[in-house]
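Student: One structure coming up, written as structure tokens, with questions to follow.
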Amino acid sequence: MTQQPGTKEKKNPLEIIVCFKHVIDETELRIDRANNKINFEGAKTKISDDDKNAIEEAVRIKEKNGGIITVVCVGPADAKKSTKEALAMGCDRARLIVDPSFQDGDALSTAYILSQVVKKIGKFDLILTSTGTTDSYTGIVGPALAEYLDLPQLTYASKITISGNKLTVDRALDDGIETVECEIPALVTVSREINQPRFPTLIQIMSAGKKELLEWNAQTLGINPSVVGKADSKVEVKSLSVPKSARKKVIFEGKPEDAAKQLAEALLKEGAVK
Amino acid sequence: MAGVLVYSDSSDSALELVTLGSKLGREVSVVVLGSEDLSDQTKKVSVNGVSTVYQISSDALSNLLAGPTVDALESVYSRVSPDYMFFSSTKKGKELAPRLAARLKIGCITDAMKPELNENGITAERLVLGGNAIATVASRGPAVATIPLRAFERASGNASPNVIKIEDFQPRPTRTIVLGRKEKQKGQVNIKDAEIIVSAGRGFKKKEDLAILEELAKVLNAVVGASRPLTSDLGWLPEDRQVGLSGTTVKPKLYIAVGISGQIQHLTGMRESKLVVAINTDKNAPIFQECDYGIVGDLYAIIPELTKDLKLQLGR
Ligand SMILES: Cc1cc2nc3c(=O)[nH]c(=O)nc-3n(C[C@H](O)[C@H](O)[C@H](O)COP(=O)(O)OP(=O)(O)OC[C@H]3O[C@@H](n4cnc5c(N)ncnc54)[C@H](O)[C@@H]3O)c2cc1C
Ligand SMILES: Cc1cc2nc3c(=O)[nH]c(=O)nc-3n(C[C@H](O)[C@H](O)[C@H](O)COP(=O)(O)OP(=O)(O)OC[C@H]3O[C@@H](n4cnc5c(N)ncnc54)[C@H](O)[C@@H]3O)c2cc1C
């Protein structure tokens, strides 16, 4: 939304891009502890939890400032379901990026693909991502995407305000809240506490089907498959295992006063209380 | 053999990264950044195992915003050409490491547990899928990693590393400014470093009832932590008391979970506790699979008894 010097306040709609990942629902996974395996068969999928906060925030910004929201997902073909959900939540159009060569890449590869998607979309003022996904949870994609697009990164946002070209963000850091300001365009990663995502209404769900949903792939994006995905990843996943517990599991039952006494004695014996 | 470079926004955490570097048998260099005189910071990290301290002092680094900070780290990195660079898994560390990795076109591993060297890179474990699984990941070649806090002891000793001041630092122009800062109230409560934590969960029926747990905490010199419903959802306790995946990871000597079911996102935050105690009415609660000692019973009956017994035994 750069303003021509001298021209009258011209109101270009705010162009927002929001990125989400389509993930396996980790709360519904079946864990086979005996065989140290996770059973992915028939696992449910969803929009990564905090990405819903990013989508919600995009919609709130649009409700306040006006604008157009493009939602982007790099994922498998069945991410279409999640993409429609994002449209139902209030995004205006979607770009679903599916290509076998994009699979099993590291987070930098995903960020690079997203940067090419953003370039193809062309105009934008604000990019929103979450701070980390519920599946691999690296938190790499947001800052890496900002780097590839040479944008300022305002991370851990607990509040976002846009006024004209000015973007103000409260960042929830380890030691407090920092308020920063910059000019758009910029990339913001949102914290979970920023809002409470809405549930789309039936009407919204039905009308989502009529919104523009384009599928792009490596070819449409002009990406050489040898520079993305597994082929170019600098970090590889070697294996997945189930965390094991080696706790004593001594359980006291019975009368509260007896159980409490036994526990107190055990804690003293362990030297755990002094 | 190239060494490792470490940076943390906290000097104490930087010392943990020094220990890691030494453990990997590498020469360790530390970066210190700021906008003022850096001699205090430099002194703090002048410990055994550190060969060189690189200093960059610049007005652009007064708030350690990501843009100029990454520029500064890049300039040290290109001078040192280390094999690995380690950050602490603080919020700052986790926003800097990915951006630096993207700029340098090298791998990035965040929240790397048990980092080790392999033939040509670094191998580490990461908690994924909401804590349900551990992924073993490996970099092909040089990499940047963020390391969970307190995974290693702080390096110590008085050493005299080389100190190199980088004078020609030129940050890229930036349009981001800090308007203000509201420090978290530095309450007395710091669950991160607590030796004993008693944590409350949804088994408590109302906020006022937490008083019985506070009583127990007082007898044990413990701090009160909580599961997420009590912090984010109900607001009975501030968010900095939340233990778990989206809260704080704690590692106390004793962790007592009271009325907490033991969902994976909670377990992830307390799994490294030395001794775990659970009190829950439901004998099938998952927390009983993750505890050393447990009582199946009503917390409202048990906590006052336990407090009374311990008070007596400990002579308080
Ligand atoms: C078990 C496991 C461990 C892994 N460990 C690592 C590792 O240590 N280092 C590494 O580089 N890679 C790793 N990867 C690969 C990495 O997870 C993928 O590249 C993934 O596409 C991006 O990482 P993330 O899920 O961690 O996203 P995050 O970086 O946590 O995502 C942050 C935000 O970026 C946006 N975003 C992320 N992915 C997409 C997407 N596909 N489409 C649209 N928006 C998106 C969302 O807004 C998201 O909330 C791992 C993969 C697995 C399966
Ligand atoms: C992405 C994500 C991140 C999350 N991050 C976190 C996190 O950081 N930390 C966290 O804690 N959770 C987190 N959660 C939430 C987590 O999944 C659980 O919902 C939460 O931990 C449950 O809290 P609880 O055990 O207190 O409550 P519940 O699961 O409701 O358990 C209450 C327990 O109290 C017991 N009880 C009831 N009455 C009594 C009584 N009188 N005496 C004794 N016991 C009694 C019950 O048997 C039950 O086991 C996260 C979830 C998601 C999806």
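The values are calculated or read from the model by the stated rules, or taken from the named source; none is laboratory data. This is a predicted model, so every value here is computed, not measured. Neighbour counts are summed over all protein chains in view; Cβ atoms, including those assigned to glycine, are modelled from backbone coordinates with ideal geometry. All accessible areas refer to the heavy atoms of the entire protein, side chains included, with ligands and DNA or RNA removed. Shrake-Rupley method; radii C 1.70, N 1.55, O 1.52, S 1.80 Å.
Student: Please compare each pair in A:Lys248/B:Lys207; A:Lys46/B:Lys274; A:Lys234/B:Lys92 to a cut-off of 28 Å on the Cα-Cα distance and tell me which ones are over it.
Tutor: Too far apart for the 28 Å limit: A:Lys248/B:Lys207; A:Lys46/B:Lys274.
Student: In the Gaussian network model of chain B, springs joining C-alpha atoms below 10 Å, which of B:Ala102, B:Ala124, B:Ala155 carries the largest mean-square fluctuation?
Tutor: Highest fluctuation of the listed residues: B:Ala102.
Student: Compute the signed sum of charges (Lys and Arg +1, Asp and Glu -1) over the other residues within less than 10 Å, Cβ to Cβ, of A:Gly42.
Tutor: Net local charge, A:Gly42 excluded: 0.
Student: Report the semi-axes of the equivalent ellipsoid for chain B in whole Å, largest first, where each axis is √(5λ) for an eigenvalue λ of the Cα gyration tensor.
Tutor: 41, 21, 18
Student: How big is the A-B contact in terms of buried accessible area, both chains counted, 1.4 Å probe, rounded to the nearest 100 Å²?
Tutor: By this definition, chains A and B bury close to 7000 Å².
Student: Considering only Cα-Cα distances, which of the following residue pairs are longer than 31 Å: A:Lys80/B:Lys205; A:Lys37/B:Lys184; B:Lys44/B:Lys182; A:Lys84/B:Lys251; A:Lys52/B:Lys94?
Tutor: A:Lys80/B:Lys205; A:Lys37/B:Lys184; A:Lys84/B:Lys251
Student: Heavy atoms only, probe 1.4 Å: what % of the accessible area of region B:4-165 goes to carbon and sulfur, would you let me know?
Tutor: 44
Student: Another question, then. May I ask you to list the GluC sites (Glu not before Pro) in region B:199-301 that are in a DSSP loop and have at most 10 other Cβ atoms within 10 Å of their Cβ?
Tutor: none
Student: Which part of region B:240-271 falls in the paramagnetic zone of A:Lys244, meaning amide N under 18 Å from the point 7 Å along Cα-to-beta-carbon?
Tutor: Residues B:271 fall inside that zone.
Student: Another one. Points 7 angstrom from Cα along the Cβ direction at A:Ile205 and A:Ile251: gap in nanometres?
Tutor: Between A:Ile205 and A:Ile251, the label points sit 3.9 nm apart.
Student: Mind jotting down the distance between the C-alpha centroids of region A:141-169 and region B:12-76, whole Å?
Tutor: 26
Student: Pop the C-beta distance of A:Thr220 and B:Glu239 into the FRET formula with R0 = 45 Å and round what comes out to the nearest 0.05.
Tutor: Approximately 0.55, to the nearest 0.05.
Student: Per the Debye formula with a single identical scatterer at each Cα and no solvent contribution, what log10 I(q)/I(0) holds for region A:141-274 at q = 0.20 Å⁻¹?
Tutor: The Debye formula, applied to the Cα set alone, gives -1.20.
Student: How long, wide and thick is region B:1-98, going by the Cα atoms along their three principal axes, in whole angstroms, largest first?
Tutor: Rounded to whole Å, the extents work out to 35, 28, 25 Å.
Student: Mind checking which of A:Lys44, A:Lys234, A:Lys261 has the largest fluctuation in a GNM of chain A, springs on alpha carbons under 10 Å?
Tutor: Top of the fluctuation ranking is A:Lys261.
Student: Working from Cα positions, state the angle (0 to 90°, nearest 10) between the long axis of helix A:49-65 and the longest principal axis of chain A.
Tutor: 40
Student: Scale the Cα Rg of the protein assembly as shown by the rule-of-thumb value 2.2 N^0.38 Å and send over the ratio, two decimals.
Tutor: Against the empirical 2.2 N^0.38 Å value, I get 1.01 for the protein assembly as shown.
Student: Under 22 Å between C-alpha atoms is the cut-off here; go through region A:98-226 and count lysine pairs that meet it, provided they're at least eight residues apart or on different chains.
Tutor: 4
Student: Can I ask one more? What accessible area per residue comes out for region B:1-44, rounded to a whole number of Å², with a 1.4 Å probe?
Tutor: Per-residue value: 41 Å².
Student: Stokes-Einstein D for chain A at 20 °C, 1.002 mPa s, Kirkwood Rh over Cα pairs, in µm²/s?
Tutor: The calculation lands on 102 µm²/s.
Student: Can you give the extra length, in nm with one decimal, that the chain gains between B:Ser51 and B:Ser39 once fully stretched, where that is 0.36 nm per residue apart less the Cα-Cα distance?
Tutor: Extra length available between B:Ser51 and B:Ser39 comes to 2.7 nm.
Student: Also: Take the alpha carbon atoms of region B:90-135, find their center, do the same for region B:150-194, and report the distance between the two centers in whole angstrom.
Tutor: 20
Student: Could you compute the FRET efficiency for B:Asn190 and B:Glu119, with r as their C-beta to C-beta distance and R0 at 45 Å, rounded to 0.05?
Tutor: 0.65
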